[in-house]
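A short worksheet on the structure shown next.
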Amino acid sequence: MKSLLKKLIIARLQVLPPGINISLGSEGKYSKTELIEHVKKGDKIGQKITQVHLSFLQSLKTGIFYEQDSSGHQA
Amino acid sequence: MNKTLLVTRPDYEITTHYLFAYAQLVIDYAKARKLTVIDLAKSKANIHNLAKASGEAGSRSAGQSLIFLNGHGAKNLITGQNGHLLIKVGFNEKILKGAVVYALSCQTGKSLGPKSILAGCLAYLGYDEDFVFLYDQNSTSKPLNDTTAQLFLAPTTQLMFTLLGNKTAQQAHQIAMSQMQTSINQLLTSQAADQAYLVPYLTWNLTHQVCLGNPQATI
């Protein structure tokens with residue numbers, strides 16, 4: 001994982017408040033500190049949480065946050 | 001014949017503990033609507049009980065059964081208590097034949113869902129990636145009081161309420177996504193903005209929820 005990307009994801013994880021953990025389904029549960037360590041290592045868990053954040057950032061330009069009507073069309 | 005709700009809800013670590021607690025809301029709702037409920041809870045959530053119960057649920061050709069699967073999963077399988085196998089592609093996915101299914105589990109929308117549809121499942125709602133949620137580690141003894149987890153698990157409960165209200169699979173799918181979307185919009189526009197960190201995770205679940213099979217299927 002590229003260094004700049006790691007820094008970006010770690011910065012985003014830093015905003016998690018104390019006491020808030022994440023369940024990543026069958027991958028297990030993790031605290032903020034643990035997730036940051038996984039991102040630094042670039043292992044499977046680190047890549048998964050990176051994927052979650054990159055997916056979000058990419059969704060900003062696809063318009064997912066526009067209100068949708070019941071047919072799924074963006075209003 | 002009465003409509004039947006079959007629920008599997010293991011409870012052996014934090015993730016399954018939260019799903020177990022929220023599934024109780026669905027069970028209570030179904031009972032209030034006079035459905036027959038088969039609750040495979042904790043150690044009862046095993047492959048033998050599921051095979052027996054899916055037979056008891058019966059009348060699948062009439063689309064009378066709703067199956068709610070909670071627990072850890074992968075693209076081609078879902079598990080029960082202590083991570084033991086419940087359903088696996090190529091082994092026993094045919095037990096979902098004739099039912100409307102919602103799998104609150106990771107990744108089963110990739111393979112188990114599509115294969116179940118091929119085996120005669122009417123509609124399969126689930127996730128084609130990991131289902132994620134955040135929780136307050138000080139609330140794990142009372143999951144329903146955890147306001148952080150609630151943002152993730154209330155929409156999944158609403159999906160089930162919608163199916164139990166005789167709405168279609170597609171309507172249930174849309175209502176759950178709309179609820180997630182509303183939460184995201186509120187978090188992004190809130191003056192306080194102190195929970196905006198939740199948005200990427202809600203967006204992940206919203207993006208990866210799938211509705212397979214017949215979108216007009218109901219129970």
- prompt: Mind checking the angle between helix B:147-164 and chain B's longest principal axis? C-alpha axes, 0 to 90 degrees, to the nearest 10.
  reply: 30 degrees
- prompt: If you look at just the Cα atoms of the protein assembly as shown, how large are its Rg and its Dmax in Å?
  reply: 18.7, 61
field: More than 33 angstrom apart: percent of Cα pairs within the stretch B:4-213
entry: 10 percent
- request: Using a/c under 1.5 as the rounded threshold, could you call the stretch B:137-207 rounded, prolate or oblate? The axes a ≥ b ≥ c are square roots of the C-alpha gyration tensor eigenvalues, and prolate needs a/b larger than b/c, oblate otherwise.
  value: oblate
task: Calculate, for B:L85 and B:N166, the FRET efficiency according to 1/(1 + (r/R0)^6) with r their C-beta to C-beta distance and R0 41 Å; round to the nearest 0.05.
output: 0.80
task: Name the most mobile residue of B:T15, B:T182, B:T36, meaning the one with the largest mean-square fluctuation, in a Gaussian network model of chain B with Cα contacts below 10 Å.
output: B:T182
task: Calculate the translational D of the stretch B:32-127 in whole µm² s⁻¹ from Stokes-Einstein, where the hydrodynamic radius comes from the Kirkwood formula applied to all Cα pairs, the temperature is 20 °C and the viscosity 1.002 mPa s.
output: 164 µm²/s
Test item: Cα-centred dipole of the stretch B:4-213, Lys/Arg +1 and Asp/Glu -1 on Cβ, debye: 840 debye
Inverse mean reciprocal Cα-Cα distance (Kirkwood Rh) of the stretch B:100-177, Å: 13.5 Å
task: Summarise the partner chain shielding of B:199-209 as one whole number: the mean count of Cβ atoms from other chains within 10 Å of each residue's Cβ.
output: 4
- request: For the stretch A:3-59, list log₁₀ I(q)/I(0) at each q in 0.22 Å⁻¹, using the Debye formula over Cα point scatterers of equal strength and ignoring solvent, two decimals each.
  value: -0.83
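Values in this text are rule-based calculations from the coordinates and carry no lab data. Predicted model only: the values in this text are computed from it and were never measured. Methodologically, a virtual Cβ is constructed for each residue, glycine included, from the backbone with ideal geometry; neighbour enumeration extends over all protein chains shown.
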